[in-house]
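The structure under discussion appears below in the form of structure tokens.
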Amino acid sequence: MTILVTGATGTVGRHVVDQLTKRGADVRALVRDPAKANLPAGVALAKGDLLDVDSLRAAMSGVSTLFLLNAVTPDEFTQALVALNVAREAGIERIVYLSVIHSDVYVNVPHFAGKFAVERMIEQMELHATILRPAYFMNNELTIKDVVLNYGVYPMPIGAKGLAMIDARDIGEIAAIELIRREQSPEPLPLTRLNLVGPDTLTGTDAAAVWSDVLRRPIAYGGDDTVGFETNLRQVMPSWMAFDMRLMAERFLGDGMVPDKGDVARLTALLGRPLRSYRDFVAEIAMA
């Protein structure tokens, strides 16, 4: 039986594909440009996207299990609903959906609210799914490493409540484990949700201290200026996305991304090893 992976060439999707192939799964990847996909040998490539219903129908033909990942786009919600409805039409009863932690709390943040609406659709239509709810990706730090290294400032306004940052490699492996668990089950499994978190919950000051320790020089926390954060982001992304990120940062300050009791232990048991730490991730960046 075949597992279809959407978002297969992205930060998380690549790790999902890699982990599935290592486990001997039959993998099909939905990609916009097969010539640029650069995925492992043996992965079948289906050309298309989540708004092209004909290409989705073709990609889902003969598929038993779906991994649904949507990029942050203005039409992310529509993409997800179209994909899930086509999956339902195709008779796919095994789904893993990548949402976000506290999607029901960050209700004014567009890409959080959209994911929570998709969760409600999955629940109310009684789809058999695992909803993965990752916290802040450690991999976001790759976008700000030059600021840290060149100016001695950790610039992400993540506040003092704390974020349980997780490595995308752990997300990909957990997703693969869940996909195979559903794939190999004799009957479709009931709906379940998993918070995906890292082993440490870090404040802005904590993150700066980790960088200071790893680099062996002082790194300051840049503070909680979300307006300035939006202004800087507008130089590298559309205004709607920069505003979305600002709203998210404001919720970081007010609510944080703190794991529920038992989350870390549950994920550690699922992986059979410790979760990757923020310090180790920063050390990898520094060595590179």
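Where a number appears in this text, it was derived from the coordinates with a stated rule and is not lab data. Treat the numbers as computed from the prediction; the structure is a model and nothing was measured. Note that we place each Cβ from the backbone using ideal geometry, even for glycine, and neighbour counts take in every protein chain shown.
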> Where both partners of a DSSP beta bridge lie in the range 87-244, what percent of those bridges are antiparallel, to the nearest 5?
Replying inline: 10
>> If you take every residue apart from M125 with its C-beta less than 15 Å away from the C-beta of M125, what net charge results, scoring Lys and Arg +1 and Asp and Glu -1?
In response: -2
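Just to confirm a number: summing +1 for Lys and Arg and -1 for Asp and Glu over residues other than L233 whose beta-carbon lies under 10 angstrom from that of L233, what do you get? Let's see the in-between values first.
Values: positive: R234, R246; negative: E230, D244.
Taking every Cβ under 10 Å from that of L233, the sum is 0.
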> How much FRET efficiency would the formula 1/(1 + (r/R0)^6) give for D255 and D224, where r is the Cβ-Cβ distance and R0 is 22 Å, rounded to 0.05?
Replying inline: 0.95
> Quick one: putting +1 on the C-beta of Lys and Arg, -1 on the C-beta of Asp and Glu, what dipole do you get for the range 115-265 around its Cα centre, in Debye to the nearest 20?
Replying inline: 220
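Which value, in debye to the nearest 20, describes the size of the charge dipole of the range 49-158 about its Cα centre when Lys and Arg Cβ atoms bear +1, Asp and Glu Cβ atoms bear -1, and nothing else is charged?
Charge dipole of the range 49-158: 220 debye, to the nearest 20.
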>> Of G204, L51, I285, which is farthest towards the positive pole of the chain's charge dipole, taken about the Cα centre with +1 and -1 on the beta-carbons of Lys, Arg and Asp, Glu respectively?
In response: I285
> By counting other Cβ atoms within 10 Å of each Cβ, how are R169, R57 ranked from fewest to most?
Replying inline: R57, R169
> Once the Cα atoms of helix 204-215 and of the chain are each reduced to a long axis, what angle between those two axes, in degrees from 0 to 90 to the nearest 10, is obtained?
Replying inline: 80
>> Is there a quick way to get the dipole size of the chain? I mean about its Cα centre, with the Cβ of Lys and Arg at +1 and of Asp and Glu at -1; what is the value in debye to the nearest 20?
In response: 520
>> Need the C-alpha centroid separation for the range 233-288 versus the range 106-172, integer Å.
In response: 5
> Between the range 196-232 and the range 17-85, what is the C-alpha centre distance in whole Å?
Replying inline: 34
>> If I take R0 = 41 Å and measure r between the Cβ atoms of L271 and S61 in this structure, what FRET efficiency does the formula 1/(1 + (r/R0)^6) give, to the nearest 0.05?
In response: 0.80
> Taking the Cα-to-Cβ direction at A160 and at N140 and moving 7 Å from each Cα, how far apart do the two end points lie in nm?
Replying inline: 2.0
> Do you know the relative contact order of the range 121-259, to the nearest whole percent, from alpha carbon pairs under 8 angstrom that are 6+ apart?
Replying inline: 36
> Between the helical axis of 278-287 and the dominant principal axis of the chain, each derived from Cα atoms, what acute angle in degrees is found, rounded to the nearest 10?
Replying inline: 80
>> Suppose the chain between R216 and D104 were pulled fully straight at 0.36 nm per residue; how much longer would it get relative to their current alpha carbon spacing?
In response: 36.4 nm
> Expressed as an acute angle from 0 to 90° and rounded to the nearest 10, what is the orientation of the C-alpha long axis of helix 239-255 relative to the principal long axis of the chain?
Replying inline: 70
> Restricting to the chain, what percent of DSSP beta bridges are antiparallel, rounded to 5?
Replying inline: 5
> In nanometres, what is the gap between the two model label sites at R234 and A41, each 7 Å from Cα along Cα-to-Cβ?
Replying inline: 5.1
>> As I understand it, the dipole of the range 57-160 uses +1 on the Cβ of Lys and Arg and -1 on the Cβ of Asp and Glu, about the Cα centre. Which of Y154, L68, A117 lies farthest toward its positive end?
In response: L68
>> To make sure I understand the rule: partners must be aspartates and glutamates, Cα under 15 Å from the Cα of K47, and not fewer than 8 residues away in the same chain. Which ones qualify?
In response: D33
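Of K145/K261; K36/K145; K161/K261; K115/K161, which sit over 28 Å apart, Cα to Cα?
K145/K261
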> Normalised by the number of residues in the chain, what is the relative contact order in percent for Cα pairs under 8 Å and 6+ residues apart?
Replying inline: 18
